[in-house]
Amino acid sequence: MRDDKRILAGVVVPDTELVRRAIEYAERVYEPYLFNHVVRSWLFAVSLARIQDIKYDSEVVALGTLLHDVTLNTSFRGPRRFEVEGADIARSFALDAGVSDSRAQLIWDSVALNSTPSIGLYKEPEVALCTAGVCLDVVGLQYDRIPAADRKAITDAYPRLGMKRKMTSCFCHMVEAAPETTYDNFLRDFGMRYVPGYEGPSSVDFVMNAPFES
């Protein structure tokens, strides 16, 4: 990997062919609000790494954050969780670009775990940073670690464009279109609150209904 750099919204990021291809791909597949979200997630992840002096593979973090929502759209139908479907796409993108198997696996983990901070934050630095950047932008996790002026520079350059409302609408669509993908993750919460008639099974039911005598 060449050590080419550029500055986006005040943040120093890698400027390699692989990263440029990922950005171009992201611009094609995302709605504007989601494109801005994934770029902000990337910039927040890089900023957190700088603040905490974390050593990491910058291309892996770039691809993990930029591609983490490739299946978050109204055409989603499953059959697996959107994070897993997206992780497969991101890994294939990386492998097709000549990325090694081990680095591509880190990208897969970054995408698959981006909405599961209780696991992702404790994985390899690349996975943890991707999770942290995404969670900062979505729910404000570690919000105060980033100086206010730096946060403003990022959100001014890549505005949120009504993300809370648009993302909620997309989540609810996914609950309606593929409810079987929602029962053990955060989409269940959106289904329970916003989707009439949605009823996710309880983990208690799974345990009690297991096909064993005791």
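The values are calculated or read from the model by the stated rules, or taken from the named source; none is laboratory data. Predicted model, so just to flag it, every value in this text is computed and none were measured. Because the Cβ atoms are built from the backbone with ideal geometry, glycine has one as well, and the counts that use them run over all protein chains shown.
Restricting to the range 13-63, name every residue that is among the aromatic types (Phe, Trp, Tyr) and within 17 Å of Val134 (Cα to Cα). Break it down into steps so the answer makes sense when it comes.
Quick first cut of the range 13-63, residues among the aromatic types (Phe, Trp, Tyr) only: 25, 30, 33, 35, 42, 44, 56.
The answer is Tyr30, Tyr33, Phe35, Trp42, Phe44, Tyr56.
Does Ser47 satisfy the criteria of being crowded, with 18+ Cβ neighbours inside 10 Å, among the small types (Gly, Ala, Ser), touching a strand residue (DSSP E or B) at 6+ places or on another chain (Cβ under 9 Å) and farther than 21 Å from Ser102 by Cα? Let's see the steps before the verdict.
Details: crowded, with 18+ Cβ neighbours inside 10 Å: yes; among the small types (Gly, Ala, Ser): yes; touching a strand residue (DSSP E or B) at 6+ places or on another chain (Cβ under 9 Å): yes; farther than 21 Å from Ser102 by Cα: yes.
Here the answer is yes, as Ser47 does meet what is asked.
Would you check if there is a residue in the range 94-116 being within 17 Å of Cys135 (Cβ to Cβ), modelled with pLDDT of 95 or more, among the hydroxyl-bearing types (Ser, Thr, Tyr) and part of a helix (DSSP H, G or I)? Checked against the condition, which is being within 17 Å of Cys135 (Cβ to Cβ), modelled with pLDDT of 95 or more, among the hydroxyl-bearing types (Ser, Thr, Tyr) and part of a helix (DSSP H, G or I), the range 94-116 yields at least one hit.
I'd like to check something: does the range 58-79 contain any residue that is more than 16 Å from the chain's Cα centre (by Cα), within 25 Å of Pro179 (Cα to Cα) and either among the basic types (Lys, Arg) or modelled with pLDDT of 95 or more (or both)? Yes: the range 58-79 contains one or more residues that are more than 16 Å from the chain's Cα centre (by Cα), within 25 Å of Pro179 (Cα to Cα) and either among the basic types (Lys, Arg) or modelled with pLDDT of 95 or more (or both).
Take the conditions surrounded by 15 or more Cβ atoms within 10 Å (Cβ to Cβ) and among the basic types (Lys, Arg) and apply them to Arg188. Does it pass? Working first, answer last.
Working: surrounded by 15 or more Cβ atoms within 10 Å (Cβ to Cβ): yes; among the basic types (Lys, Arg): yes.
Yes; evaluated as a whole, the condition is true for this residue.
Screening Val134, Val60, Val138, Val70 for residues that are assigned to a loop (DSSP other than H, G, I, E, B) and either crowded, with 17+ Cβ neighbours inside 10 Å or not aromatic (Phe, Trp, Tyr) (or both) leaves exactly one candidate, Val70.
Scan the range 26-44 and tell me whether some residue there is touching a residue at least 12 places away in the same chain (Cβ under 8 Å) and more than 25 Å from Asp156 (Cα to Cα). Scanning the range 26-44, I find no residue that is touching a residue at least 12 places away in the same chain (Cβ under 8 Å) and more than 25 Å from Asp156 (Cα to Cα), so the answer is no.
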